[in-house]
1. Can you tell me the relative contact order of the chain? Whole percent, Cα pairs under 8 Å, sequence separation 6 or more.
2. For region 250-289, which trypsin sites (Lys or Arg not before Pro) pass both filters: DSSP loop (anything but H, G, I, E, B) and at most 13 other C-beta atoms within 10 Å?
3. For N130 and N45 in one chain, what is 0.36 nm times their gap in residues minus the Cα-Cα distance, to one decimal in nm?
4. Just to confirm the number: angle between the C-alpha axis of helix 131-144 and the first principal axis of the chain, 0 to 90 degrees, nearest 10?
5. Just to confirm the filter: which GluC sites (Glu not before Pro) across region 110-173 are DSSP coil and have at most 10 other Cβ within 10 angstrom of their Cβ?
6. Roughly how far apart, in whole Å, are the Cα centres of region 122-140 and region 264-341?
7. Enumerate by residue number the trypsin sites (Lys or Arg not before Pro) in region 115-200 meeting two conditions: DSSP loop (anything except H, G, I, E, B), and at most 12 other Cβ atoms within 10 Å of the site's Cβ.
8. Of G252, G190, G300, which has the largest mean-square fluctuation in a 10 Å C-alpha GNM of the chain?
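No lab work stands behind these numbers, since they all come straight from the coordinates. Since the model is a prediction, treat every value here as computed from it, not as a measurement. For neighbour counting, all protein chains shown are included, and Cβ atoms are generated from backbone atoms with ideal geometry for every residue, glycine included.
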Amino acid sequence: MKQTIGLTGFLFLILLSGCGRPTHKEAAKNPFIQDILIKTTPVRNQGANQLCWDYAMLATIESEHLMIGDSVNLSVDYIARMLLAEQSREAFFASGKKHISMRGMASMTLRLMKQYGLLHYNSYHNTEANYNILSRKIEYAAKTATNLEHLSKNVNDMLDQEIDYLPKLVYFLHAEYTPIEFANSVCYPGEYLSLTSFSHHPYNQSFALEVPDNRQNDLFLNLPLDSLMWHIKHAIRQGHPVCWEGDISEPGFSFEKGVATLPNQLTAITPQLRQQQFNVKQTTDDHCMELIGLAHDKHGKHYYIAKNSWGTGNPYGGLMYLSEAYVRLKTISAYMTRDAYEK
């Protein structure tokens, strides 16, 4: 942790770092004036599962479809299932030396969609699935298995029981799809760009972002900070949502209050300050949300409106207001369509 805190505070920050969410709700009058608010699907609740990256990326794709008059609701559970099955095989061949985890980055959703396809929310979802427990069960099964074929059957049976049985086909709007066909119909391979901004790599080139959750060494286009911020804001102004990944362990981040701000003395956010905080792990990859709007307060201070995945139990129905300085300093990565980037 970045500072010395009491036991209660420690437990609270541990909950946040695992993409969990507090439940306390405060009533408050909204002090923000919304400038832009993009249509989005309802706020969901990931519970104690570490799947914020999946919720946020799929929510971004859903909002992108709403922008063009289409409507889709996508299955987080299908992506989670594919990841668990994939990791079970990897853990088997690692002879018990690989830890199964549901942590990740939004880029992992894009990769899993490309490889395994996607299902519609109505055809595959289970709000009661506990992926933390499932991860431990599958890790033990992989560690004790002696045959890959038997392991795969046991894992599939377990996932059928704990989540749901997989449908063979996707039926959507009177059409029939395989999971791969359905994924390609809502998000074609390469449609989204993964962006970041750090000075320890050359700008305008791609590199594998060195954060623990980048488990597949996915590449990110490295932009100068002003350019990254311009593209994020420009995309939203054009009606395109942006998937945001960043640090939420700062004291100024409060889901209960629905805001994320920095201390007053941190107003001039330079690339040097960003890099310095990244270098000492003051900025870490903690959470992922969908940016769906822009706002300002009565003092003219600018904010980004984020759709979280911790349920609706805060003053803004699950939405959050991230100050521009917070986003400028604490962004690890951002994802948007090529169309949003190139407009």
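1. On the way: 652 pairs, mean separation 86.8, N = 343.
Normalised by residue count, the contact order of the chain is 25 percent.
2. K281
3. 29.3 nm
4. Taking Cα atoms only, the helix is inclined about 40 degrees.
5. E128
6. Spelled out, the Cα-based centre of one part sits 30 Å from the other.
7. Passing sites in region 115-200 are K168.
8. Looking only at G252, G190, G300, the largest GNM fluctuation is found for G300.
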